[in-house]
1. Mind counting the residues in region 66-82 that are surrounded by 10 or more Cβ atoms within 10 Å (Cβ to Cβ) and at pLDDT below 80?
2. Can residue 60 be described as open to solvent by less than 50 Å² (accessible area, probe 1.4 Å), modelled with pLDDT under 85 and among the polar types (S, T, N, Q)?
3. Taking region 32-45 only, how many residues are surrounded by 13 or more Cβ atoms within 10 Å (Cβ to Cβ), without any contact (Cβ under 8 Å) to a residue 24 or more places away in the chain and touching a helix residue (DSSP H, G or I) at 6+ places or on another chain (Cβ under 6 Å)?
4. Restricting attention to region 83-111, which residues are open to solvent by 100 Å² or more (accessible area, probe 1.4 Å) and β-branched (Val, Ile, Thr)?
5. Only residues that are in a helix (DSSP H, G or I) and either more than 12 Å from residue 55 (Cα to Cα) or open to solvent by 30 Å² or more (accessible area, probe 1.4 Å) (or both): list them for region 12-23, please.
6. Would you check which residues across region 24-55 are in a helix (DSSP H, G or I) and among the hydrophobic types (A, V, I, L, M, F, W, C) and list them?
Amino acid sequence: MQLTKEQRTFIVEKYFQAKSFQQVIQSFQEHFPERQSPAKMIIWRNVTRYRTEGISLNLNESRSGRKRTGQSEENVRIVQGALTENPQISARKSGLDVTKSTFNTIIYSFGFEVVSLQDACVE
């Protein structure tokens, strides 16, 4: 879990006051008892980022995580074209070069309902 702005600021301020990782960790535990205290490397990275960039915030926060490539414009166009031709097309038998999960995610976004053969047979 990422540190909040308040927690990052606290770490940098305490490090400049104490100049000790142990004191920063101890102070952090006292000030944020619900949160696990950061490792020395996290403290060091935040202090270094503050020294070099003048900021300790995570500027990559909105872009962190795995990049989603399955729902590219090209894949959406391919699935949309297939749905236009046959609204009852299946992800497996479509013959499209799109994974089943990507296919289903895209059709959900168009308001279609995914029905598996097992579900259809039960009704």
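The values are calculated or read from the model by the stated rules, or taken from the named source; none is laboratory data. Everything numeric in this text was worked out from a predicted model, so none of it was measured. Here the Cβ is made from the backbone with ideal geometry for all residues, glycine too, and neighbour counts use every protein chain on show. To get the accessible areas, we keep the full protein, side chains included, count just its heavy atoms, and leave off ligands, DNA and RNA. Shrake-Rupley method; radii C 1.70, N 1.55, O 1.52, S 1.80 Å.
1. 2
2. Numbers: open to solvent by less than 50 Å² (accessible area, probe 1.4 Å): no; modelled with pLDDT under 85: yes; among the polar types (S, T, N, Q): yes.
It is false that residue 60 is open to solvent by less than 50 Å² (accessible area, probe 1.4 Å), modelled with pLDDT under 85 and among the polar types (S, T, N, Q).
3. At the first step, the residues of region 32-45 found to be surrounded by 13 or more Cβ atoms within 10 Å (Cβ to Cβ) are 32, 35, 37-38, 42-45.
Keeping just the survivors that are without any contact (Cβ under 8 Å) to a residue 24 or more places away in the chain gives 37, 44-45.
Of the ones still in play, those that are also touching a helix residue (DSSP H, G or I) at 6+ places or on another chain (Cβ under 6 Å) are 37.
Residues meeting the conditions: 1.
4. Here is the first cut: in region 83-111, the residues open to solvent by 100 Å² or more (accessible area, probe 1.4 Å) are 84-85, 88, 92-93, 97, 100, 108.
Within region 83-111, just 84 meets the criteria.
5. Just the residues of region 12-23 that are in a helix (DSSP H, G or I), to begin with: 12-18, 21-23.
Listed by number, the residues that qualify are 13, 14, 15, 16, 17, 18, 21, 22, 23.
6. Looking only at region 24-55, we keep the residues that are in a helix (DSSP H, G or I), and these are 24-31, 40-53.
Scanning region 24-55 gives 24, 25, 28, 41, 42, 43, 44, 47.
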